[in-house]
Amino acid sequence: MTTQNTKNISTCLWFDDQAEDVANFYVSIFENAKILHTIPYLVETPSDKPVGSTMSVDFELEGLRFTALNGGPLFTPNPSISFFVNCDTEEEVDRLWEKLSDGGTPLMPLDSYPFSDKYGWVQDKYGISWQVMIANWEHGQPPTLVPSMMFTGPNAGKAQKAIDYYRSVFKDSQKGTFFPYGPDQPPNKEGTAAYADFMLENQWFAAMDSAQNHDFNFSEAISLVVHCETQQEIDYHWEKLSADPNAEQCGWLKDKFGVSWQIVPAEMGTMFQDDEQEKSKRAMEAMLKMKKLDIKMLKNA
């Protein structure tokens, strides 16, 4: 297994008030993991969380950066975005499966499958879904963690279209493998993606179609965060990705498939950790009034 150092795209996990517990739990079970920093609520926000309470915890697992956000009870994680965990040994699969399934719900039992000698899909006690497996990777040494999107409902059959779309948006991208459904796998349409992977900004992602009946789809509960160095990058990604004006708020948007993204300045975390707390408060207040984020206005605040 290998780690990925990627600073451009991270993942935000939305919870009611469990961010610290979540971050500590994941850091305790993955080998290469650490807490990066914690940001408190500095001002009153629509989440109604007390000022001074934990707003978010940034942490790193196997080179991938995550943010656990205490945003209130509006959104609940679901399996539309899950995380492949590529393991070298069956012992590592068993260890992680035991930890992640404790208090969780198995979605596919831990077993041998045609695509992996040992694989299981579980939704853990916090609602985050993990596909733990013996690595079967065609691109050299596999990354340990790979975020995966499942295209369901009206999006079923659109995985390849989405991959092409994302690869057109992100300049540093790479095509990966594509395994189609066959003619004997209804209700999935022949030729759609049973599994596909692709690289954006030096980070691997996976995608799959599922025409099965699911009661979930993409939501703000799990969003992808693009960290931009300049206002020009923010403007570019906002224009390319945003497809729903009603979803635009505080740097958040939804693309044409319903996937939630946050387009943020790379230095935004430090703006909320300024030694002078009044500066951090003003920056957070300014952010709450914006749709697309403006680096200059945040700094001037």
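Laid out as a table, the results:
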quantity: Criterion violated by D94 - all others in (1) in a helix (DSSP H, G or I); (2) under 23 Å from the mean Cα position of the chain (by Cα) satisfied; calculated: (2)
quantity: F178 surrounded by 18 or more Cβ atoms within 10 Å (Cβ to Cβ) and in contact with a helix residue (DSSP H, G or I) (Cβ under 8 Å, 6 or more places away or on another chain); calculated: no
quantity: Residue that is nearest to Q123 (Cα to Cα), among those in the range 55-88 that are among the aliphatic types (A, V, I, L, M) and assigned to a strand (DSSP E or B); calculated: I81
quantity: Residue list for the range 112-140, restricted to those being among the small types (G, A, S) and part of a strand (DSSP E or B); calculated: S112, S116, G120, S129
quantity: Complete set of residues in the range 228-240 that are touching a helix residue (DSSP H, G or I) at 6+ places or on another chain (Cβ under 9 Å) and either under 17 Å from M290 (Cα atoms) or hydroxyl-bearing (S, T, Y) (or both); calculated: C228, T230, Q231, I234, Y236, H237
quantity: Residue pairs meeting the criteria (Cβ under 8 Å; at least 6 apart or on separate chains; first assigned by TED's automatic domain parsing to the domain that holds S116, in the range 138-160; second surrounded by fewer than 18 Cβ atoms within 10 Å (Cβ to Cβ) and among the aromatic types (F, W, Y)); calculated: T152/F216; Q160/F178
quantity: Single condition P109 does not satisfy, out of (1) in a helix (DSSP H, G or I); (2) surrounded by fewer than 18 Cβ atoms within 10 Å (Cβ to Cβ); (3) of a type outside the set (V, I, T); calculated: (1)
quantity: Residue count for the range 43-69, restricted to those that are surrounded by fewer than 21 Cβ atoms within 10 Å (Cβ to Cβ) and polar (S, T, N, Q); calculated: 4
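The values are calculated or read from the model by the stated rules, or taken from the named source; none is laboratory data. Quantities reported herein were computed from a predicted structural model and do not represent experimental measurements. In this analysis, Cβ positions are derived from the backbone assuming ideal geometry, glycine residues included, and neighbour counts consider all displayed protein chains.
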